[in-house]
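The values are calculated or read from the model by the stated rules, or taken from the named source; none is laboratory data. Quick caveat, the model's predicted, so the values are computed rather than measured. Note: ideal-geometry Cβ built from the backbone for every residue, glycine included; neighbour counts use all protein chains shown. The protein model used for the area step is the full one, side chains on, heavy atoms only, and it has no ligands, DNA or RNA in it. Shrake-Rupley method; radii C 1.70, N 1.55, O 1.52, S 1.80 Å.
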Amino acid sequence: AAGRIDALANPETDPASGQPELKHTPISLSAFSAKWFGLLAVIEEPDLSNAPISYWAKARIEGGWRVELAGGRDDADIEEIAARLTDLEPNAEILEYADTKTGALRRAAFIDGKLAAVFVGSNRPVAAERAWLAEQIGKPVDSNARLCLLAGRPPVGEGVGRAVCACMGVGATAIETAIRQGANSVEAIGAVTRAGTNCGSCKPEIRDMLNAIAAEQVKEAAE
């Protein structure tokens, strides 16, 4: 919540240029002991400025916002935070799963049949298919997919795989599919999936995937 780099640097600056004294900033660090972890995808930007939690970081996604959270010993309980962040309207339909033994808590809110918010929490770092969960925000979700929401993972065959292009939210599955369907260059893959079309930092990884699949196809053809 207070994770700003400028909060760490000394306020001393050069009298002529105004450059901060970045190379002389003594700090002390201590481990943060979290009692729970959470992942939130929600259609509206949540106001976390006064939230009773020690750690949060939010980012814009196509259908709304994604937030990573963690609560310390003196913070609000995970149940309170999940309800606070997903109860967007009084008439929202709520679907919830809780396991007190493992500390798992899953909560989804639907408004007019569309997913408005989903919260996945645990007493361990959250293992969930983040990109897929984010893609469901604002969309109608059928009964089978609702159970998958509570599991934090997509139906079989719908996973996006590991994240490759963070800018465009493109996973390995989409890139591999594009390659196998004929996209034979980084530019062609970008035209199909948009991966690598913003900052370009993922282009080397895309090229490696392209070369690996091409080598695999040559081997299969030879056999």
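With respect to the stated conditions, ARG153 is closer than 20 Å to ALA41 by Cβ and either surrounded by 15 or more Cβ atoms within 10 Å (Cβ to Cβ) or out of contact with any strand residue (DSSP E or B) (no Cβ under 9 Å at 6 or more places or on another chain) (or both). Each residue in the range 183-211 was checked for being within 13 Å of VAL164 (Cα to Cα), surrounded by 13 or more Cβ atoms within 10 Å (Cβ to Cβ) and free of Cβ contacts under 8 Å to residues at least 24 places away in the same chain, and 5 pass. The conditions of being in contact with a strand residue (DSSP E or B) (Cβ under 8 Å, 6 or more places away or on another chain), surrounded by 15 or more Cβ atoms within 10 Å (Cβ to Cβ) and not basic (Lys, Arg) are met by ALA9.
Restricting attention to the range 81-125, the residues being open to solvent by 70 Å² or more (accessible area, probe 1.4 Å) and either modelled with pLDDT of 95 or more or in contact with a Pro (Cβ under 8 Å, 6 or more places away or on another chain) (or both) number 1.
Every residue, every condition in (1) of a type in the set (Asp, Glu); (2) out of contact with any strand residue (DSSP E or B) (no Cβ under 9 Å at 6 or more places or on another chain); (3) in a loop (DSSP other than H, G, I, E, B), yes or no:
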position: LEU29; (1), (2), (3): no, yes, yes
position: TRP56; (1), (2), (3): no, no, no
position: GLU79; (1), (2), (3): yes, no, no
position: PRO90; (1), (2), (3): no, yes, yes
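Out of GLU68, GLU45, one residue alone is within 17 Å of the chain's Cα centre (by Cα) and loosely packed, with under 12 Cβ neighbours inside 10 Å. It is GLU45. Within the range 169-182, the residues that satisfy the criterion of being of a type in the set (Gly, Ala, Ser) and either modelled with pLDDT under 90 or open to solvent by 10 Å² or more (accessible area, probe 1.4 Å) (or both) are GLY169, GLY171, ALA172, ALA174, GLY182.
Once the range 126-149 is narrowed to residues that are farther than 12 Å from GLY63 by Cβ and of a type in the set (D, E, K, R), the residue that is most open to solvent (accessible area, probe 1.4 Å) is ASP142.
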